[in-house]
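Comments concern the structure below.
The values are calculated or read from the model by the stated rules, or taken from the named source; none is laboratory data. All values reported here derive from a predicted model rather than from experimental measurement. Cβ coordinates were reconstructed from backbone atoms using ideal geometry, including for glycine residues, and neighbour counts include every protein chain displayed. Side chains are part of the model used for accessible areas, which takes the heavy atoms of the whole protein and leaves out ligands, DNA and RNA. Shrake-Rupley method; radii C 1.70, N 1.55, O 1.52, S 1.80 Å.
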Amino acid sequence: MSSDYAKNSTSLTLNQPLILSVKQQGQAVTGLRPKVWLSLRRSEQVATETSCEAKVRNFASGQLATRADVDLNSYFVVTLNQDKTVTFLNPLVSWSSGKLAGVVQLPAQGLDWALTQDGTLYVTMPDASQVAVIDTKARRLVTNIATGQGSKPARIRLAPDQQSLWVGLDGSPKLTVIDRAGKSGVTFIEAGAGLHQIGLSSDSRYVAVTNTEANTVSLFDTKTLKKLADIPVPGTPLKPVWVAKAERFYVAAINDGSLSVIDPVQLKVETQIDVGRGVTELATDPGGRYVWVVNQLQNKAFVVDAADNRKVAYANLPAEPDQLAFSADYVYFRGLASEKFALINHNQLKQISSLADQSDSQLLELSVTLVQAGEKAPAVLPEAIGVSAMMAPLPDQNGMMIASAADKSLYYYAEGMMVVMGSLDNSRRAPRGLLLLDNSLHETSPGEFSAPVSVREPGNYDVAVMLDQPRIVHCFTAKFSGEQPANPPSELQTVKPVLLPQSDMPQPNVETVLTVQFNDAASGKPVSGIRDARLLAFELPNWKRWVWLQEVSEGIYQASVTFPHVGNFNVLVEARSKNLESNNQALQTVKVAQPTIGKELLTQQ
């Protein structure tokens with residue numbers, strides 16, 4: 001294994017992508033998933049083979065005390081929640097109470113969202129007639145984009161070229177187009193009456209928008225924002241999907257039994273495919289050839305071959321299916337009235353005969369696996385049923401993360417198993433949407449893996465690399481130079497926490513109330529209304545507790561902690577909505593003693 005940086009000792013600039021080359025006898029090795037960590041070198045002692053092994057072992061453990069400065073193997077689970085928040089969870093942290101990495105408070109309930117490649121998250125808020133803009137790297141709300149009073153922005157889609165976002169306004173016959181390049185800002189264009197869903201062609205040239213009351217599909221040219229046509233589609237058209245192999249939009253209508261195929265060049269419905277009344281969802285597989293159609297009334301999925309617009313297969317699904325998601329080999333389905341999800345190996349489609357008949361009796365019946373995910377069906381909590389995806393494929397494409405609003409949990413499933421492998425607590429919040437932020441390396445060319453790197457400060461970084469198969473550990477040094485730009489005022493810490501002394505000495509195995517006062521960083525006045533403040537109490541190497549702080553009076557917040565034994569325990573506080581991070585403040589220490597010990601309680605390190 002080799003690295004351009006190790007070989008050439010190149011000095012990198014801050015935020016430059018790290019590129020790792022893996023070769024064997026001069027030949028590129030492909031299909032790997034290298035694990036990489038970066039740690040700032042605190043001394044100039046050269047890492048030995050033994051210390052390299054130790055670094056990898058420590059970094060891979062997920063312990064707070066041994067975390068790397070930069071982890072290029074991590075991913076965050078992001079949830080859009082019923083309580084008007086967006087939460088960030090780190091599933092790779094080894095202790096459960098530390099998995100919550102951040103909370104962003106929204107001004108109103110979020111409905112749908114879209115994530116850009118640079119980590120900007122756009123969230124529609126119908127009740128506020130706004131779209132929230134979140135920086136997922138800093139985990140903070142940047143701004144809110146107004147879409148007009150009473151406009152009710154709902155569905156949002158990002159153009160494949162990342163240049164624009166298209167937002168359906170359910171309180172209006174219009175759309176909002178957000179220009180990410182900043183040339184035209186926000187533009188409003190006329191569509192049609194009713195609720196809207198949006199589909200974009202893979203080259204970002206065409207946009208199709210359904211209008212449920214008008215029973216039409218509006219086609220637009222993305223470059224000019226000109227409407228090309230309003231195409232009649234009867235039966236309440238719900239969702240348009242672009243199918244790359246056919247270069248057509250496929251449109252489902254819930255009250256009509258047909259799937260309409262629209263030619264964006266000829267501006268007409270080219271053909272219709274019988275899929276029965278009750279279709280609520282459809283999507284193309286990763287190969288772009290097969291269209292998977294979910295019929296909620298029939299509790300079935302149909303597969304349409306876009307090569308000749310034939311129905312070729314079907315599957316029986318859990319009650320009231322409403323969503324589907326793909327991994328590399330499987331397609332997953334959620335049922336509103338079932339606590340189980342279904343998965344189908346879509347490689348079964350290779351069995352289809354090119355001469356298969358279109359009638360249902362001749363369709364290939366696909367084998368379905370049912371897996372329990374939680375104790376309650378989604379329909380148990382109807383107010384938390386939204387439009388955002390509740391399933392997201394894992395970065396390795398070998399499993400799925402599944403959100404349950406009724407259980408207020410997230411479930412992790414690994415393919416090949418008959419049960420879920422584990423769960424993530426969503427901090428007692430009911431999720432309405434789920435997505436993953438993948439920070440890991442990806443193979444960009446044969447044997448070459450790349451990922452963006454953001455380091456806090458310049459210097460020499462030890463880069464630890466591990467391959468699982470074959471098992472190889474390698475360390476080298478990368479030097480990052482340059483200066484970090486000064487934080488704009490919106491990114492500066494706006495509050496200062498003060499851990500207040502207690503009247504009584506904390507005792508082991510007795511609940512202790514810790515009190516924190518938050519003061520404005522500029523004026524020094526108490527700050528009220530912080531909803532994401534939490535406190536970390538820990539003793540290295542193994543004992544840690546995160547607890548939420550609750551405001552009890554103006555600027556005064558409290559949390560209860562039970563310390564396990566006598567000793568000195570460290571305390572950190574964070575409130576990400578105020579740009580207060582737990583990793584950039586001085587430790588405070590709470591001394592826990594038996595009742596006979598005197599009352600020295602608090603020291604500052």
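Restricting the calculation to Cα atoms, region 142-281 yields a radius of gyration followed by a Dmax of 14.4, 46 Å. Between Thr30 and Ile385, residue separation times 0.36 nm minus the direct Cα-Cα distance comes to 123.7 nm.
Name the longest site-free stretch of the chain, where the excluded sites are GluC sites (Glu not before Pro) in a DSSP loop with no more than 12 other beta-carbon atoms within 10 Å. Result for the longest clean stretch: 45-212. Taken over region 511-590, the alpha-carbon convex hull comes to 92 cubic angstrom per residue.
Remark: the chain carries a charge dipole of roughly 780 debye about the Cα centre, counting +1 on each Lys and Arg Cβ and -1 on each Asp and Glu Cβ.
Spin-label model, Ser503 to Thr589: label points 7 Å out along the Cα-to-beta-carbon direction sit 2.7 nm apart.
Region 420-453 and region 235-261 have their alpha-carbon centroids 31 Å apart. Near Arg248, the amide H atoms lying under 5 Å from its own belong to Val243; only residues 5 or more places off or on other chains count, and H is placed 1.01 Å from N. Only Cα pairs under 8 Å and 6+ residues apart enter the sum, and on that basis the relative contact order of region 113-234 stands at 14 percent.
Here Lys55 is the anchor, and the lysines within straight C-alpha reach of less than 19 Å, apart from those fewer than 8 places off in the same chain, are Lys35, Lys479.
Counting only residues at least eight positions apart within a chain, or on another chain, the lysines with an alpha carbon under 20 Å from that of Lys544 are Lys99, Lys591. Each pair of Cα atoms in the chain enters the Kirkwood radius, and Stokes-Einstein at 10 °C and 1.306 mPa s then converts it into a translational diffusion coefficient of 59 µm²/s.
Placing a pseudo-label 7 Å from each Cα along the Cα-to-Cβ vector at Asn255 and Val368 gives an inter-label distance of 2.7 nm. Of the residues Cys475, Cys52, the one with the largest accessible area comes first in the ranking Cys475, Cys52, computed with a 1.4 Å probe on protein heavy atoms. Throw me the Rg/Rh for region 274-390, computed over C-alpha atoms with Kirkwood Rh, two decimals. My calculation puts Rg/Rh at 0.97. Computed from the alpha carbon atoms alone, the convex hull of region 368-481 holds 186 Å³ per residue. In region 167-228, taking the dipole from charged Cβ atoms about the Cα centre, the farthest positive-side position among Asn215, Leu200, Ala181 is held by Ala181. Rounded to the nearest 20 debye, the dipole magnitude of region 113-203 is 220 debye, with +1 charges on Lys and Arg beta carbons, -1 on Asp and Glu beta carbons, and the Cα centre as origin.
Legend: calculated FRET efficiency, Gln162 to Asp69, from the Cβ-Cβ distance at R0 = 25 Å, rounded to 0.05, equals 0.30.
Using the Cβ-Cβ distance between Met418 and Ser61 with R0 set to 25 Å, the FRET efficiency from 1/(1 + (r/R0)^6) comes to roughly 0.30.
For the pair Thr444 and Lys137, label points projected 7 Å from Cα toward Cβ lie 1.5 nm apart.
In this calculation the C-beta distance from Ala146 to Asn519 is compared with R0 = 30 Å, giving a FRET efficiency of 0.40.
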